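Shown next, in structure tokens, is the structure this report addresses.
The values are calculated or read from the model by the stated rules, or taken from the named source; none is laboratory data. Please read these numbers as outputs of a predicted model, since none were measured by experiment. Using ideal geometry, Cβ is built from the backbone for each residue, glycine included, and neighbour counts are taken over all protein chains shown.
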Amino acid sequence: MTRIVRTVAELRQQVRAWKAASEQVGLIPTMGALHDGHLSLIRLAQTKVARTVASVFVNPKQFAPHEDFDAYPRGEARDAELLETVGCDLLFAPNGAEMYPEGFATSINLTGVSEPLEGAARPQFFGGVATVVTKLLIQAEPDIAVFGEKDYQQLQVIRRVTRDLDLPVEIVGAPTARAEDGLALSSRNAYLSPEERAAAVALPNAMKAAIASVQAGERVEAAEAAGKAALAAAGFRQVDYFDFRDADDLSRLGPDALNGAKARLLVAAWLGKTRLIDNMGV
Ligand code: PAF
């Protein structure tokens, strides 16, 4: 049975009891509305540690005023049922006052890896993520914490914060779960019409083609341009970025050949009203 706790004190008491019994603990932070992608993070954690804790907290600090924090989907009963099906041991579901008590005045802000790509489009976002994840890591004291590679920049931001603040936790990146045709699983895929869903496969295909061409020695700039053109031809109305970046700090690579650089291809593109993001290792 997945036990639900709502306070930091209860969370710590349980985690410390497990650790005292030599059981390692994994934390999987989420904002709820759980789907298969989240469950795969829990399953990955279970291959590494004895106990798993999922947190569900819709974090107001990572929403801009025009982004609808109130409309974000919430459904604790369903989330708890799903956690139960994969044998997650504990659900930490704090309320706003437990996370950000009256007078809360501290925030974690970082430069570098948080600034380009998603950070350029949503300047408050990674500060909000860094603040809540740092709190969760301090609250839960896990041995490992698992985040999806689907949100690769978020993963790199969290790795940076954890290193910079000497937080004693191993950050584990979980591979992106994909549909059979290669489209990354995302709750946003539900917004696609059947025609758009069929066209969406152009995204992973264009990425694979771009990676193959830079690996064959093509210039980065040319591969990026070809990728953008392929998405436009498939019906994507706007490409926010189609960039080869340094895999660790996400600094820009190119315009020339990769020359052995450790790279990651990151893409955000609009299909109708839906913004899809994806990334792949090179
Ligand atoms: O990826 C998410 O769901 C959120 O950004 C996270 C990491 C749970 C922080 O609120």
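Observations
- For the criterion of being part of a helix (DSSP H, G or I), away from the ligand (no atom under 15 Å from the Cβ) and either of a type outside the set (Phe, Trp, Tyr) or on the phi > 0 side of the Ramachandran plot (or both), Lys19 passes.
Residues checked against (1) closer than 30 Å to Val25 by Cβ; (2) acidic (Asp, Glu); (3) out of contact with any Lys or Arg (no Cβ under 6 Å at 6 or more places or on another chain):
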| residue | (1), (2), (3) |
| --- | --- |
| Glu170 | yes, yes, yes |
| Gly173 | yes, no, yes |
| Ser186 | yes, no, yes |
| Ala190 | no, no, yes |
| Ala200 | no, no, yes |
| Ala223 | no, no, yes |
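- In summary, Gly173 fulfils each of the numbered conditions (1) of a type outside the set (Lys, Arg); (2) within 13 Å of the ligand (Cβ to nearest atom); (3) buried (at least 19 other Cβ atoms within 10 Å of the Cβ) with the single exception of condition (3).
- Options Gly119, Gly87, Gly75; residue that is more than 14 Å from Met31 (Cα to Cα), in contact (Cβ under 8 Å) with a residue 24 or more places away in the chain and surrounded by fewer than 18 Cβ atoms within 10 Å (Cβ to Cβ): Gly87
- Assessment of the range 145-165 against the conditions (farther than 19 Å from Thr131 by Cβ, surrounded by fewer than 18 Cβ atoms within 10 Å (Cβ to Cβ) and aromatic (Phe, Trp, Tyr)) yields no matching residue.
Condition check ((1) in contact with a Gly (Cβ under 7 Å, 6 or more places away or on another chain); (2) within 13 Å of the ligand (Cβ to nearest atom); (3) assigned to a helix (DSSP H, G or I)) across all residues:
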residue: Gly127; (1), (2), (3): no, yes, yes
residue: Lys135; (1), (2), (3): no, yes, yes
residue: Val146; (1), (2), (3): yes, yes, no
residue: Arg159; (1), (2), (3): no, yes, yes
residue: Pro168; (1), (2), (3): no, no, no
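- All of Val25, Val49, Val113 fail the test of being closer than 20 Å to Ile171 by Cβ, more than 10 Å from the ligand (Cβ to nearest atom), within 16 Å of the chain's Cα centre (by Cα) and in contact (Cβ under 8 Å) with a residue 40 or more places away in the chain, apart from Val113.
- The residues listed here are Asp249, Asp256; of these, the one that is closer than 20 Å to Gly148 by Cα, charged (D, E, K, R) and in a loop (DSSP other than H, G, I, E, B) is Asp249.
- The range 189-224, subset surrounded by fewer than 16 Cβ atoms within 10 Å (Cβ to Cβ) and hydroxyl-bearing (Ser, Thr, Tyr), residue farthest from Phe244 (Cα to Cα): Ser193
- Boolean, Val58 is within 12 Å of the ligand (Cβ to nearest atom), part of a helix (DSSP H, G or I) and within 21 Å of Ser186 (Cβ to Cβ): no
- Only listed residue being within 16 Å of the ligand (Cβ to nearest atom), at pLDDT below 95 and farther than 23 Å from Glu115 by Cβ, chosen from Arg178, Arg188: Arg188
- Looking across Ala174, Ala184, Ala200, Ala216, one residue alone is small (Gly, Ala, Ser) and free of Cβ contacts under 8 Å to residues at least 60 places away in the same chain. It is Ala216.
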